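All remarks here apply to the structure that follows.
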Amino acid sequence: DTAVSQTPKYLVTQMGNDKSIKCEQNLGHDTMYWYKQDSKKFLKIMFSYNNKELIINETVPNRFSPKSPDKAHLNLHINSLELGDSAVYFCASSPMMGNQPQHFGDGTRLSIL
Amino acid sequence: ELKVEQNPLFLSMQEGKNYTIYCNYSTTSDRLYWYRQDPGKSLESLFVLLSNGAVKQEGRLMASLDTKARLSTLHITAAVHDLSATYFCAVEWGAQKLVFGQGTRLTINP
């Protein structure tokens, strides 16, 4: 049983295109996150949602728009893709109360041509 | 702004040896997490450290937290090849926001 699942696993597209990444968790968690991992493996939070409400919105270009239709899903839409958007994007989830680790999906490797 | 620094960033060691990875952070926090990432894979939670003096052990790995020194360590005892991976520490800073260190790429040679 996959706890946090992302689709697609790989995404290759051209500059200027718009793409979406989907994430679903079956852990019953209240909070979901998007992280970006760059080519140097550095991980940085982009957004987090708690029960469909946006609670963290880091300094991310507004070409990136998260959407949470319900607490089990958090999607990421990216407009007008740029070369610098090439990275691995990880979805994660955790219970609302702290003291528990975040559970990560397998990542979506986005390559911009 | 919270900064989290790990050292070393790269570590090559022989099987059977002991070593320690250090994680320093710049702002008070009493929640720290260690994760492991294999190449091309997801992040796997290893340890959750929630208070000053916390120590957790799992197999050949032991993690500790000193909140006064703002320092966590991940100690590897008698390393084996299967422990080769990248290890990240992450500090929780407000509203469940995790700030990650740069990662330590550990290679264990036979």
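Scan segment A:75-107 residue by residue and report those that are among the β-branched types (V, I, T) and either within 11 Å of chain B (Cβ to nearest Cβ) or surrounded by fewer than 20 Cβ atoms within 10 Å (Cβ to Cβ) (or both).
Going residue by residue through segment A:75-107, those that are among the β-branched types (V, I, T) are A:78, A:88.
Passing the criteria: only A:V88.
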statement: Residues of segment B:21-46 being within 14 Å of chain A (Cβ to nearest Cβ), of a type outside the set (A, V, I, L, M) and in contact with a Lys or Arg (Cβ under 7 Å, 6 or more places away or on another chain), in sequence order, are B:E44
- prompt: Quick check, is A:S111 small (G, A, S) and crowded, with 16+ Cβ neighbours inside 10 Å?
  reply: no
statement: Subset of segment A:86-101, residues touching a residue at least 12 places away in the same chain (Cβ under 8 Å) and more than 13 Å from the chain's Cα centre (by Cα), comes to A:S86, A:S94, A:P95, A:M96
task: Kindly indicate the residue of segment A:50-64 that is away from chain B (no Cβ under 13 Å) and at pLDDT below 95 and also farthest from A:S111 (Cα to Cα) among those meeting that condition.
output: A:K52
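For segment B:22-49, what are the residues that are of a type in the set (S, T, N, Q), more than 30 Å from A:L110 (Cβ to Cβ) and in contact with a Leu (Cβ under 8 Å, 6 or more places away or on another chain)?
Pass one, segment B:22-49, residues of a type in the set (S, T, N, Q): B:24, B:26-29, B:37, B:42, B:45.
Pick out the ones that are also more than 30 Å from A:L110 (Cβ to Cβ) and you get B:24, B:26-29.
Selection gives B:N24, B:S26, B:T27, B:S29.
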Top-ranked residue in segment B:51-80 [being hydrophobic (A, V, I, L, M, F, W, C) and closer than 17 Å to B:S26 by Cα; ranked as surrounded by the fewest Cβ atoms within 10 Å (Cβ to Cβ)]: B:A69
statement: Those residues of segment A:1-46 which are within 15 Å of B:S42 (Cβ to Cβ) and polar (S, T, N, Q) amount to A:T2, A:S5, A:Q6, A:T7, A:Q25, A:Q37
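Within segment A:71-91, how many residues are in contact with a Gly (Cβ under 7 Å, 6 or more places away or on another chain) and small (G, A, S)? Reasoning before the result, please.
First, pick out the residues of segment A:71-91 that are in contact with a Gly (Cβ under 7 Å, 6 or more places away or on another chain): A:80-81, A:88-91.
With small (G, A, S) added as a condition, the list becomes A:80.
Total satisfying the criteria: 1.
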- prompt: Among the numbered criteria (1) within 12 Å of chain A (Cβ to nearest Cβ); (2) more than 20 Å from B:E5 (Cβ to Cβ); (3) at pLDDT 95 or above, which single criterion is violated by B:R60?
  reply: (1)
query: What tally of residues in segment B:65-110 results from selecting those that are assigned to a strand (DSSP E or B), polar (S, T, N, Q) and within 11 Å of another protein chain (Cβ to nearest Cβ)?
result: 2
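Give the residues of segment A:11-34 that are of a type outside the set (K, R) and assigned to a strand (DSSP E or B), sorted by residue number. If you could, list the steps in order and put the result at the bottom.
First, the residues of segment A:11-34 that are of a type outside the set (K, R): A:11-18, A:20-21, A:23-34.
Hits for segment A:11-34 are A:L11, A:V12, A:T13, A:S20, A:I21, A:C23, A:E24, A:Q25, A:T31, A:M32, A:Y33, A:W34.
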- prompt: Can you name the residue in segment A:31-45 that is in contact (Cβ under 8 Å) with a residue 24 or more places away in the chain and surrounded by 15 or more Cβ atoms within 10 Å (Cβ to Cβ) and, of all such residues, is nearest to B:V91 (Cα to Cα)?
  reply: A:L43
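The values are calculated or read from the model by the stated rules, or taken from the named source; none is laboratory data. Values in this document were obtained by computation on a predicted structure and should not be read as measured data. With ideal geometry, Cβ positions are generated from the backbone for all residues, glycine too; neighbour counts draw on all protein chains shown.
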